[in-house]
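Asker: Before I ask anything, let me first share the structure, which is written out below as structure tokens.
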Amino acid sequence: MEWLPSSSPVRLLEQPDPNYRLPAPERLLAAYRAMVIGRRFDAQATTLTKQGRLAVYPSSRGQEACQVGAALSIGAEDWLFPTYRDSVSLVTRGIDPVEVLTLLRGDWHCGYDVPATRTAPQCTPLATQTLHAVGLAHGEARKGNTTVAMALLGDGATSEGDFHEALNFAAVFRAPVVFFVQNNGYAISVPLAKQSVAPSLAHKGIGYGVRSEQVDGNDAAAVLSVLDSAVAHARAGNGPFLVEAHTYRMEPHTNADDAARYRPPEEVEHWQQRDPIGRLERHLRADGHLDDLGAQRIAAEAEEFAVAVRTRMQAEPTVDPEDLFRHVYAEPTPQLTEQLAQLRSEQEAL
């Protein structure tokens, strides 16, 4: 059946696959650059959290191939529906990194212009954004547009009812949406074995008639190739596509998590050997598309990027206490009006 995923995750860097083509060297080099910059940004954001500049930061270190691949596989006309862990994908999409961190800083909005960037706010509730993605994709198709929506989600989100409702709706209405599951092995501290005994999460698409595939999420070439195929499938009017990427979260769930309580160090070490940046770099060097000087230039660019983010994030934001009462209701309730008057009275007394 054509919608069945491959029996094992698609790989391209170390071995060919008859069903997928290796991306062009220029594209792989662009992905490598974005992954290096993304990892340095991720490390800087983690440091900013420790310094109290961010309220929380869910790291995606180790998932760079997925983060970058998702952003590079869709066009400017397409929509991205990210989760709280997908900051690197947003940066790769070209969104201002300080705007990306606005929500995690504790502001009342997501920081960036959603319609202008065609990127939905980073979603914290699991799987709710999948329904939003399907609705938008269906609406765009009814308008006669070729827009594709890509919904990013983790393995934990596949245990939510919203995910299954989204798959079914998308299949029935042939919505041009790609569901990209980054299976990093844990839903916070719950291992995948405690969530599902299916052959793979990609197999969850079968019951809904959704074309599905699984890919080595630490193989940047394979991620790009599979996602390119999925996006082309959706854009051509063939309906939704579900992709599961097998990857690993190297850092704790967030800065408030102690991952050592639920996963052994040997497991982390095993995945360190499969680091997506190192694998892609070895491939590019072996093929003569990257040398020491090129790698040093990209590393320097990444450091410069991180310094700029750090400098801008050190500036104290201008905060208006009355923002607490704005954008809550179109017409303020009597209670909010009373509370606003109380705030102004207290400010005048200072």
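The values are calculated or read from the model by the stated rules, or taken from the named source; none is laboratory data. Quick caveat, the model's predicted, so the values are computed rather than measured. Here the Cβ is made from the backbone with ideal geometry for all residues, glycine too, and neighbour counts use every protein chain on show. We work out accessible area using only protein heavy atoms, side chains counted, and drop any ligands, DNA or RNA first. Shrake-Rupley method; radii C 1.70, N 1.55, O 1.52, S 1.80 Å.
Asker: Across the range 111-123, what is the number of residues that are in a loop (DSSP other than H, G, I, E, B) and in contact with a helix residue (DSSP H, G or I) (Cβ under 9 Å, 6 or more places away or on another chain)?
Answerer: 6
Asker: From the list ALA330, ALA349, ALA341, pick out the single residue that is out of contact with any strand residue (DSSP E or B) (no Cβ under 8 Å at 6 or more places or on another chain), farther than 21 Å from VAL98 by Cα and open to solvent by less than 70 Å² (accessible area, probe 1.4 Å).
Answerer: ALA341
Asker: Of all residues in the range 177-234, which are in a strand (DSSP E or B) and among the aromatic types (Phe, Trp, Tyr)? Explain how you work it out, then say what you get.
Answerer: Residues of the range 177-234 in a strand (DSSP E or B): 177-183, 186-187, 190-191, 211-216.
Of everything in the range 177-234, those that are in a strand (DSSP E or B) and among the aromatic types (Phe, Trp, Tyr) turn out to be PHE179, PHE180, TYR186.
Asker: Still on this model: I'd like to verify a number: residues in the range 225-237 that are farther than 22 Å from SER7 by Cβ and either open to solvent by 10 Å² or more (accessible area, probe 1.4 Å) or touching a Ser or Thr at 6+ places or on another chain (Cβ under 8 Å) (or both), how many?
Answerer: 5
Asker: Scan ALA193, ALA222, ALA166 and give me the residue that is crowded, with 23+ Cβ neighbours inside 10 Å, out of contact with any Lys or Arg (no Cβ under 6 Å at 6 or more places or on another chain) and either modelled with pLDDT under 95 or in the same structural domain as LEU80 (by the TED database) (or both). Walk me through how you get there before you give the answer.
Answerer: Values: ALA193 fails: crowded, with 23+ Cβ neighbours inside 10 Å; ALA222 fails: out of contact with any Lys or Arg (no Cβ under 6 Å at 6 or more places or on another chain).
Unique residue meeting the criteria: ALA166.
Asker: On to the next question. Are there helices (runs of 4 or more DSSP H) fully within the range 5-102 with at least 1 residues that are surrounded by 19 or more Cβ atoms within 10 Å (Cβ to Cβ) and of a type in the set (Phe, Trp, Tyr)? List them.
Answerer: 25-50
Asker: Residues in the range 252-272: is at least one at pLDDT 95 or above, of a type outside the set (Lys, Arg) and under 28 Å from GLU26 (Cβ atoms)?
Answerer: No, the range 252-272 contains no residue that is at pLDDT 95 or above, of a type outside the set (Lys, Arg) and under 28 Å from GLU26 (Cβ atoms).
Asker: Tell me which of these GLN296 doesn't satisfy, since it passes every other one: (1) touching a residue at least 60 places away in the same chain (Cβ under 8 Å); (2) within 21 Å of LEU29 (Cβ to Cβ); (3) of a type outside the set (Ser, Thr, Tyr).
Answerer: (1)
Asker: Something else about it: From the list GLU316, GLU303, which residue is among the acidic types (Asp, Glu), surrounded by 13 or more Cβ atoms within 10 Å (Cβ to Cβ) and under 29 Å from the mean Cα position of the chain (by Cα)?
Answerer: Result: GLU303 is the single residue among GLU316, GLU303 that is among the acidic types (Asp, Glu), surrounded by 13 or more Cβ atoms within 10 Å (Cβ to Cβ) and under 29 Å from the mean Cα position of the chain (by Cα).
Asker: A further question follows. Pick out the one residue from LEU280, LEU284, LEU293, LEU324 that is assigned to a helix (DSSP H, G or I), loosely packed, with under 10 Cβ neighbours inside 10 Å and not polar (S, T, N, Q).
Answerer: LEU293
Asker: Of the conditions (1) polar (S, T, N, Q); (2) in contact with a Ser or Thr (Cβ under 6 Å, 6 or more places away or on another chain); (3) over 18 Å from GLU304 (Cα atoms), THR46 satisfies every one except a single condition; which number is it?
Answerer: Here THR46 meets the rest and fails (3).
Asker: Does THR128 qualify as being closer than 23 Å to PHE179 by Cβ and either open to solvent by 20 Å² or more (accessible area, probe 1.4 Å) or not small (Gly, Ala, Ser) (or both)?
Answerer: Yes: the conditions hold for THR128.
Asker: Yes or no: VAL177 under 26 Å from ALA259 (Cα atoms), of a type outside the set (Phe, Trp, Tyr), under 18 Å from the mean Cα position of the chain (by Cα) and open to solvent by less than 10 Å² (accessible area, probe 1.4 Å)?
Answerer: On the way: under 26 Å from ALA259 (Cα atoms): no; of a type outside the set (Phe, Trp, Tyr): yes; under 18 Å from the mean Cα position of the chain (by Cα): yes; open to solvent by less than 10 Å² (accessible area, probe 1.4 Å): yes.
So VAL177 does not fit the description; no.
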